[in-house]
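Engineer: Handing you a structure now.
Read-outs: derived from the displayed coordinates by stated rules, not from any lab. These numbers come from a predicted model, not from an experiment. Cβ: placed from backbone, ideal geometry, glycine included. Neighbour counts: every protein chain shown.
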Amino acid sequence: MAEARLPEKGLSYYRQIRNIVLGSITGLAFLVAVTPLLAIIYVAYDRGKEALSLSFVTTMPSGFPVGIEGGILNGIAGSLILIVLASLLSVPVGVWAGLYLWDQSHTRLAGVTRLLSDLLLGVPSVIWGVVGFYVFSTNTGWGLHWGFSGLAAGLTLGFIMIPIVTRVTEQALRDVPRSYIEGALALGATRFQVMRDLAIPAAITGIGTGILLGVLNVLGQTAPLVFTNYYNTGIPHSLVGSNGSVGDLAMQIFIYIHEPSKALHVKAMAAALVLTVIVLLLDMGIRLLSWGSRKYARKG
Amino acid sequence: MAAPEHEQGDSLLSQGDHRPPVVAPLSFLAPDPDETLEEQALARSAPPTETTLKNLRRASHSQILRSERLFHLTLRLGGLFILLLFAIVLGVSVVEAWPSIEKFGWSFLWTSTWNPHRHIFGAWTYLVGTFWVTGIALIFAIPIAILSALFLSDYAPKWLVGGVSTLMEMLAGIPSIVFGAFGIIFVVPLMRDHVEPFLANTLGRHFDFFSGDAMGYGILSAGLVVGIMVIPLVATVTRDSLVMVPRETVEAAYALGSTKAEMVYFVKLPAVVPGIIGSVILGFGRALGETMAVLLLIGNQASVPTSIQDVGYTISSLLANTFTYAVIDPLFSAAEIELGLILLVISLVVNTLGRELLLKLMGGRLAGSVGGG
């Protein structure tokens, strides 16, 4: 918002000073807000730099207690496995539900679905953990009896991702100009043709952004893994059953920082830096992607 | 039958560009526009018989309708997944918590005993702990977040504003476990060696509320770290509502002779009170469900805190910490899940409130955020 600088002569000193003070407070508050957040990255680097090297991300943990030597390859591999599993569940379901909400947005059922999908966004992650435990992991009662395993954790993270993907898909479809859709309908296209040939191609960047946003949101999730997967110092051969746990970067940080060992704390901070950098890079990628698509949309 | 449609078409054309934009939903199963044109053409060339028209419409419709209806139903199945997921979440929580709900009833809420051996469970300790941490977090975060939002919306120089806003939004994405690790490595020693002795020696001399043993762990450390975590969320959402204040309001304030600070604090800020409340409520919901950072920092001791330096326990940290032992005993696990159910209900209510407030203000565009981690 362009504002001309006001002539502030003739104002009482009280008002002039108040103007300056109230203005500077906001700047100070911003510094107070951002400093701890930047300090987190700095502290992670500072306390973890002894462990940081290329081999830190390419070797498996070793030594005793496990992790005191070697790197975090099990965590990185496990996190990747979990993200792939979560996406396999949430992308089809989430996009499908998003298409539904967009296409039949005026119906009462869609209104209810949208409300519930938004409510699911606010479910605390421990609750997702409990749900995942009873649906996938527990070995008694009902449920799928998969034990603490990668598949159980991956699908639990998929549950968390579904409402995010749904929300962003619907929003991306809504951003497709109404005139395109009406033009196609006026030319005699069926709604299926409109969706397949027009709406989805036009919204594909937005949908991709939504999927990445979902991945970003589940990448650092730790609490659901405590209930469904816990941790593995190696890479498992199977994703189901008692030996099916995978390693995970966030879980690895949690376990290392919980140990009363200086050396493991160093590893934990280095792993925290790696996780933060991955998250921030992914975030930046999402921003570039949506910025690019917005620029494209403005040209078109 | 053909005549009125003809008239309608003519009248639409004659209105020209002044026609209001068509805002009918896409799924509105309109008679195919092609058909109408065909009908109009027919109507112009030769007056058709009633039956010709009917046959024409039925042929094209039955083709389209069959596939469209299938498509309609297939899509609806996608929506049903969401309903199913919600039912699973609520169903699992209620069914698994039922033994405890049945046994303790409402008194579960205000019983402060938690004794797995004697099978007496009550939520009070954990409810108080949860609200302590959330309260400290919000008291710390809200003023800073709102003032930062003012900085982002009005005070930041133009060349800086894009950068700092993006920075703020990106920092909101740092995972909770990283905050927890930072808390253990940095905040706990800082609290133990400097802040808590200082508090005990100054305010603590007059008020017991601020005194205590300097341990570093406790509701103060947990609350502060959760506060740091919540700031970017509250600040970003508040900023989004601040930039939607109409320009006319701003200019009217200037025209009446207010300084910039008077405009920002006395005109703009009151204008977005619903947005601020909404963002604070969202922040509250986020802080409530926060798990891992709190688990690492709060000290995990089941006692009702009486001083700001005390240790405690929150619902989410209790679940993450002890649930895997609790499943051995059905009543124990049911009690823990009932705690989780309370957390779930509060979160859902809080998030719905915040969402409604912000949706009303922003016209439907709201970025989602997942609570906890």
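Engineer: May I ask for the Kirkwood hydrodynamic radius of region B:222-373, worked out over all distinct Cα pairs and given in angstroms to one decimal?
Structural biologist: So the Kirkwood estimate lands at 17.8 Å.
Engineer: Can you pull the mean other chain C-beta count within 10 Å for peptide A:38-50?
Structural biologist: The per-residue average across the peptide is 3.
Engineer: Next up: Per DSSP H run of n ≥ 4, the term is -39500 (n - 2.57); total these for the protein assembly as shown, divide by its residue number, and report the mean residue ellipticity at 222 nm rounded to 500 deg cm²/dmol.
Structural biologist: -22000 deg cm²/dmol
Engineer: Moving on to the next point. Quick one: if the Förster radius is 35 Å, what FRET efficiency do B:Val161 and A:Arg196 give, using the C-beta to C-beta distance and rounding to 0.05?
Structural biologist: 0.30
Engineer: Counting partner chain Cβ atoms within 10 Å of every residue's Cβ in B:65-78, what's the average?
Structural biologist: Per residue, the number of nearby Cβ atoms from other chains is 4 on average.
Engineer: Send over the semi-axes of the protein assembly as shown's equivalent ellipsoid, whole angstrom and largest first, taken as the square roots of 5 times the C-alpha gyration tensor eigenvalues.
Structural biologist: For the protein assembly as shown, the semi-axes come out at 48, 35, 24 Å.
Engineer: So for B:Thr125, A:Thr156, B:Thr314, B:Thr111, fewest C-beta neighbours within 10 Å to most, what's the order? List each step's numbers first, then the result.
Structural biologist: Numbers: B:Thr125 22, A:Thr156 31, B:Thr314 34, B:Thr111 15.
Placing the least packed residue first, the sequence is B:Thr111, B:Thr125, A:Thr156, B:Thr314.
Engineer: Can you pull a Stokes-Einstein diffusion coefficient for region A:191-269 at 10 °C (1.306 mPa s), Rh from Kirkwood over Cα pairs, as a whole number of µm²/s?
Structural biologist: The Stokes-Einstein estimate is 101 µm²/s.
Engineer: Sorting check: for A:104-116, B:288-300, which peptide has the highest mean count of neighbouring beta carbons within 10 Å, and how do the rest follow?
Structural biologist: B:288-300, A:104-116
Engineer: Report, by chain and number, residues whose modeled amide H sits under 5 Å from the one on B:Phe121, excluding near sequence neighbours (fewer than 5 apart, same chain).
Structural biologist: Under 5 Å from the amide H of B:Phe121: B:Asn115.
Engineer: With charges only on Cβ, +1 for K and R and -1 for D and E, what is the dipole size of region B:106-362 about its Cα centre, in debye, rounded to 20?
Structural biologist: 380 debye
Engineer: How high is the relative contact order of chain A, in percent, with contacts defined as C-alpha pairs under 8 Å that are six or more residues apart?
Structural biologist: On the way: 420 pairs, mean separation 71.9, N = 300.
Computed value for chain A: 24 percent relative contact order.
Engineer: What chymotrypsin sites (Phe, Trp or Tyr not before Pro) does region A:113-204 have in DSSP loop regions with at most 16 other beta carbons within 10 Å?
Structural biologist: Passing both the DSSP loop test and the Cβ count: A:Trp142.
Engineer: Now for a different question. Can you pull the percent of Cα pairs in region A:101-169 with separation above 17 Å?
Structural biologist: So the pairs more than 17 Å apart make up 51 percent of the total in region A:101-169.
Engineer: Then there is this: Using the Cα atoms of region A:64-299 to build a convex hull, what is its mean projected area in square nanometres?
Structural biologist: Taking the Cα atoms of region A:64-299, their convex hull projects to 15.1 nm² on average.
Engineer: Apply the membrane-span-like helix rule to chain A: whole DSSP H runs, Cα extent along the own long axis of at least 18 Å, mean Kyte-Doolittle hydropathy at least 0.5. List the helices found.
Structural biologist: A:13-48, A:73-103, A:108-121, A:150-174, A:200-219, A:262-299
Engineer: Do you know the relative contact order of region A:71-147, to the nearest whole percent, from alpha carbon pairs under 8 angstrom that are 6+ apart?
Structural biologist: With pairs under 8 Å counted, the relative contact order is 11 percent.
Engineer: Mind giving me the FRET efficiency for A:Tyr13 and A:Thr35? R0 is 51 Å, r the Cβ-Cβ distance, nearest 0.05 is fine.
Structural biologist: Calculated transfer efficiency: 0.95.
Engineer: Residues of A:17-29, mean number of Cβ from any other protein chain within 10 Å of their own Cβ, rounded to a whole number?
Structural biologist: 6
Engineer: Which trypsin sites (Lys or Arg not before Pro) from region B:305-366 combine a DSSP loop assignment with at most 13 other Cβ atoms within 10 Å?
Structural biologist: Passing sites in region B:305-366 are B:Arg365.
Engineer: Would you please give the FRET efficiency between B:Arg69 and A:Val112, computed as 1/(1 + (r/R0)^6) with r the Cβ-Cβ distance and R0 = 22 Å, to the nearest 0.05? Walk me through the intermediate numbers first.
Structural biologist: Working: r = 21 Å, r/R0 = 0.97.
Plugging the Cβ-Cβ distance into 1/(1 + (r/R0)^6) gives 0.55.
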